[in-house]
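Report on one structure; see the data block that follows.
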Amino acid sequence: MPGPSEKKHQEYEWQISGKVKETHDTYTYTLLPVSESQRFDFEIGQFVTLSVFLIRPTASGGSEENLVNRAYSIASSPSRDFIELTIKEEKPYGYINPTTGKSDSFAAYFNEQVKLGDRLKLKLNPNKEHFLWKVATGIEKNVAYWSGANGAESARGLIQYMEDKNDPEFNLVLFYSNTKLSVDNAKKDFSSTEHHPVDTLNIIYYNWLIDITKKIENLKVIFTFTREQEVPITSPQDARIIYRKGRFFLNPDGSPEKTLSKYGGKVETLFNPICGSSSFINGTVMLPNRKINRGKGILQNLVELEGVKPEKIDKEQFYLQQVGANQQEEK
Ligand SMILES: Cc1cc2nc3c(=O)[nH]c(=O)nc-3n(C[C@H](O)[C@H](O)[C@H](O)COP(=O)(O)OP(=O)(O)OC[C@H]3O[C@@H](n4cnc5c(N)ncnc54)[C@H](O)[C@@H]3O)c2cc1C
């Protein structure tokens, strides 16, 4: 197998061998190399760029086929033979860009058109100081991972890695922020500990996370629900699966909460990767007039409220949050 430098910008061909529905708008794909010459090594936290021909609508009611590229974090562990990618539809199916009069999305059409057995072209991002590189190299082993509604993919890879390696020195607390548990809460009884049906589920990896957290002692998950009036799950409360409501770093009465100290333990020892939209990471949003509005996100809260040092923070931004565009805002 060629070394990493020879393969830096190489395009590989992998084949879809599995497709699992995670939520009403998200699928996880399992990919295998079409031949051993197409295999590459990767590290926790790296992402790939997919290039796929997709048929997408135009404003005139027609359709066009184009080659479309998007970045996806690897959601599986390097210790496994395959890679897994989780693809969430941010823009709704049928969305037409008002300026170009054409669809400019990827995920909704990928999830619709890509089938088992299809071959995909992908590139591994070559950046050495990629997201989580300090975790991948073993410099950081005590991790508080902050995920928006779309952002837990690299944490999933990390959890699989913990499962495979069983390193007693490695600890992960996953802080996972979502608007609500289900897109259809009114009709469901969420007090049950049974698996939740994926068709209405709004939290990526929810059932898997509950199961795996019960198995791995060094893993803890803090779910927050930002748009629920009440916490939708009440019992039983496992010490390593915690439910809260509202934004992280805010108490129910609106006063500041030291969320990391409260659930994560010793702040100085913790490494804090943050992954999600710009709004989740640092409060940056694009207004309808395309101006950028800067606010505060997890990053500022960690530094200002908890005194976390910049070298103990890492981040991966999936996209720039547009105000008024996204119904699934995660903060
Ligand atoms: C390094 C990196 C890693 C990533 N990893 C992942 C991953 O593992 N999984 C994943 O799902 N995504 C990941 N992404 C994001 C991914 O590339 C896609 O953006 C995502 O899948 C959404 O695709 P889309 O086609 O729906 O929207 P895109 O065409 O990519 O557009 C996203 C943009 O649409 C805007 N938008 C949302 N709703 C609307 C609306 N109603 N109208 C207009 N605009 C709207 C959002 O604000 C956002 O700016 C990653 C991105 C990067 C840069």
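The values are calculated or read from the model by the stated rules, or taken from the named source; none is laboratory data. Computed from a predicted structure; not experimentally measured. Cβ placement follows ideal geometry from the backbone for every residue including glycine, while neighbour counts extend to all protein chains displayed.
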**Study point:** Close pairs from the stretch 77-94: first over 24 Å from GLN322 (Cβ atoms), partner in a strand (DSSP E or B) and within 10 Å of the ligand (Cβ to nearest atom), Cβ under 8 Å, at least 6 apart
**Key:** ILE83/VAL48; GLU84/THR28
Check your understanding: Right, TYR95: near the ligand (Cβ under 9 Å from one of its atoms) and more than 21 Å from the chain's Cα centre (by Cα) or not?
Key -> yes
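Residue-wise test of (1) touching a Cys at 6+ places or on another chain (Cβ under 8 Å); (2) within 16 Å of the ligand (Cβ to nearest atom).
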site	(1), (2)
ASP253	no, no
LYS266	no, no
ARG290	no, yes
GLY297	no, yes
VAL303	no, no
GLU306	no, no
GLU316	yes, yes
TYR319	no, yes
Review point. Quick one: how many residues across the stretch 235-277 are surrounded by 13 or more Cβ atoms within 10 Å (Cβ to Cβ) and touching a Gly at 6+ places or on another chain (Cβ under 8 Å)?
Key: 7
Review point. Within the stretch 296-316, can you find the residues that are surrounded by 16 or more Cβ atoms within 10 Å (Cβ to Cβ) and of a type in the set (Gly, Ala, Ser)?
Key: GLY297
Practice item. Evaluate the following for TYR109: is it among the hydroxyl-bearing types (Ser, Thr, Tyr), within 12 Å of the ligand (Cβ to nearest atom) and touching a residue at least 40 places away in the same chain (Cβ under 8 Å)? Key: yes
Exercise for review: Out of THR226, THR259, report the one residue that is farther than 18 Å from GLY151 by Cα and either in contact with a His (Cβ under 7 Å, 6 or more places away or on another chain) or not acidic (Asp, Glu) (or both).
Suggested key: THR259
Check your understanding: Which pairs do you get when a residue that is basic (Lys, Arg), found in the stretch 161-176, comes within reach of a residue that is surrounded by fewer than 21 Cβ atoms within 10 Å (Cβ to Cβ) and assigned to a loop (DSSP other than H, G, I, E, B), reach meaning Cβ atoms under 7 angstrom, with the pair 6+ apart or on two chains?
Key -> LYS165/SER79
Check your understanding: If GLY117 passes every condition in (1) away from the ligand (no atom under 14 Å from the Cβ); (2) under 19 Å from the mean Cα position of the chain (by Cα); (3) at positive phi but one, which one does it miss?
Key -> (2)
Check your understanding: Given the stretch 255-328, what helices (runs of 4 or more DSSP H) lie entirely inside it while holding 3 or more residues that are over 23 Å from the mean Cα position of the chain (by Cα)?
Key -> 298-306
Study note, to complete from the structure: A careful count of residues in the stretch 42-56 that are assigned to a strand (DSSP E or B) and within 13 Å of the ligand (Cβ to nearest atom) gives 8
Check your understanding: What is the residue count in the stretch 71-90 for residues that are surrounded by fewer than 18 Cβ atoms within 10 Å (Cβ to Cβ) and within 9 Å of the ligand (Cβ to nearest atom)?
Key -> 1
Practice item. Only residues that are of a type in the set (D, E, K, R) and at pLDDT below 95: list them for the stretch 246-265, please. Key: ASP253
Study note, to complete from the structure: Note on TYR12: of the conditions (1) in a loop (DSSP other than H, G, I, E, B); (2) hydroxyl-bearing (Ser, Thr, Tyr); (3) more than 24 Å from GLY276 (Cα to Cα), unmet is (1)
